[in-house]
Amino acid sequence: MKSIKYPLFLTAVFWAVVALSFVVMSCRTAALSSSEAVSMIVDDSLGVDSAMLRQIAPYRLQLDSTMKEVIGYSEQTLEKGTPESLLGNFLSDMMIESAKKNFADSILSLPVISLLNNGGIRTSLPKGEVMIENVFQLMPFDNEIVLIELKGSVLMKLFDVIAMKGGMPVGGLRLILNGTSWTSAEIEGKEVMADNNYILITSDYLATGGDGLSFLSDNVRYIKTGLLVRDIFIIGIRDLTSQGKTINPKMDGRIRYE
């Protein structure tokens, strides 16, 4: 597997600031002798802890300078939706590109599709400058990218779920729906065959049964990459910018009703 340096430090810095925001530090050790629980309304009436603010200020400055970095430009606002969406198409296609570029030795020239769930996409991507914080807001969870080798028969169960949900963010797949069922499925221009093997690139959350996908455990191979889904997108957007390109996905009918 190709080695890539992804900005995992962003996650570390982010959680360091969060932790410091809630932990009160002391220079002395002490033993707890008693405790008492009281209810407290947390609102604007509470005073600001100036000492704590001073403690976390250097970390917050470091986080702010990193999160405000502009990494790309979007020609339009991208929102999630079904049966397909601009945002879903953009993200899932980026996963396909990353898999083929960085994990070719694991894919073994097998047909590849990608999958996300709309519930894991927390907001839209704004028109105009795109900052690192926009991607964190989009994907706040530390889900890892995984590759799964599956039989076509298992993928067909996935297509059943996609049809029942009225669509999910996918890449590399063309699926025709009829009501809450599907009538045709093609990967890389070829009909999906039950006995053929395929690669699914997705999050560890979905791969381990999240969102009703427990059948994905029936796999030939399960490959952990150690890379966060969010970081794939940060690097992907930076790559677009380095090529002089902007974010401008299209609707292409990858999931449609007949």
- Message: So if I check each of K250, K224, K190, K245, which one is in contact with a Pro (Cβ under 8 Å, 6 or more places away or on another chain) and either under 17 Å from S114 (Cβ atoms) or of a type outside the set (F, W, Y) (or both)?
- Response: K190
- Note on the structure: By residue number, the members of segment 208-231 that are touching an Asp or Glu at 6+ places or on another chain (Cβ under 9 Å) and among the aliphatic types (A, V, I, L, M) are V220, I223, L227, L228, V229
- Item | Cβ pairs under 6 Å, 6+ apart, first in segment 76-101 and closer than 18 Å to V135 by Cβ, second of a type in the set (K, R) and crowded, with 20+ Cβ neighbours inside 10 Å | L87/K80; G88/K80
- Task: Scan segment 244-254 and give yes if some residue there is at pLDDT 95 or above, among the charged types (D, E, K, R) and outside any loop (DSSP other than H, G, I, E, B), otherwise no.
- Result: no
- Note on the structure: With the first residue restricted to segment 217-234 and required to be under 28 Å from Q137 (Cβ atoms), and the second required to be of a type in the set (G, A, S) and part of a strand (DSSP E or B), Cβ contacts under 8 Å at 6 or more apart or on different chains are V229/S203
- Task: State which residue pairs qualify: first residue without any contact (Cβ under 8 Å) to a residue 24 or more places away in the chain and inside segment 128-153, second residue of a type in the set (A, V, I, L, M) in any location, beta carbons under 7 Å apart, and separation of 6 or more residues or different chains.
- Result: N134/L125
- Among the strands (runs of 3 or more DSSP E) confined wholly to segment 169-241, which include 1 or more residues that are in the same structural domain as L158 (by TED's automatic domain parsing) and charged (D, E, K, R)? 173-178, 181-187, 221-228
- So how many residues does segment 153-184 have that are in contact with a Phe, Trp or Tyr (Cβ under 6 Å, 6 or more places away or on another chain) and not aliphatic (A, V, I, L, M)? 3
- Message: If I go through segment 94-121 residue by residue, how many of them are under 14 Å from M168 (Cα atoms) and within 12 Å of the chain's Cα centre (by Cα)?
- Response: 8
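Residue by residue, here is whether (1) surrounded by fewer than 18 Cβ atoms within 10 Å (Cβ to Cβ); (2) part of a loop (DSSP other than H, G, I, E, B) holds:
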{"residue": "N89", "(1), (2)": "no, no"}
{"residue": "S92", "(1), (2)": "no, no"}
{"residue": "E97", "(1), (2)": "yes, no"}
{"residue": "D105", "(1), (2)": "yes, no"}
{"residue": "I113", "(1), (2)": "no, no"}
{"residue": "R122", "(1), (2)": "yes, yes"}
{"residue": "V130", "(1), (2)": "no, no"}
{"residue": "E133", "(1), (2)": "yes, no"}
{"residue": "D142", "(1), (2)": "yes, yes"}
- Task: Could you list all residues from segment 147-168 that are at negative phi and not in a helix (DSSP H, G or I)?
- Result: L147, I148, E149, L150, K151, M168
- Name the residues in segment 158-185 that are touching a residue at least 40 places away in the same chain (Cβ under 8 Å) and under 17 Å from K80 (Cα atoms), would you? I162, K165, G166, G167, M168, P169, V170, G171
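The values are calculated or read from the model by the stated rules, or taken from the named source; none is laboratory data. Note that this is a predicted model, so its numbers are computed, not measured. No Cβ is skipped: glycine too gets one built from the backbone with ideal geometry, and neighbour counts run over all protein chains shown.
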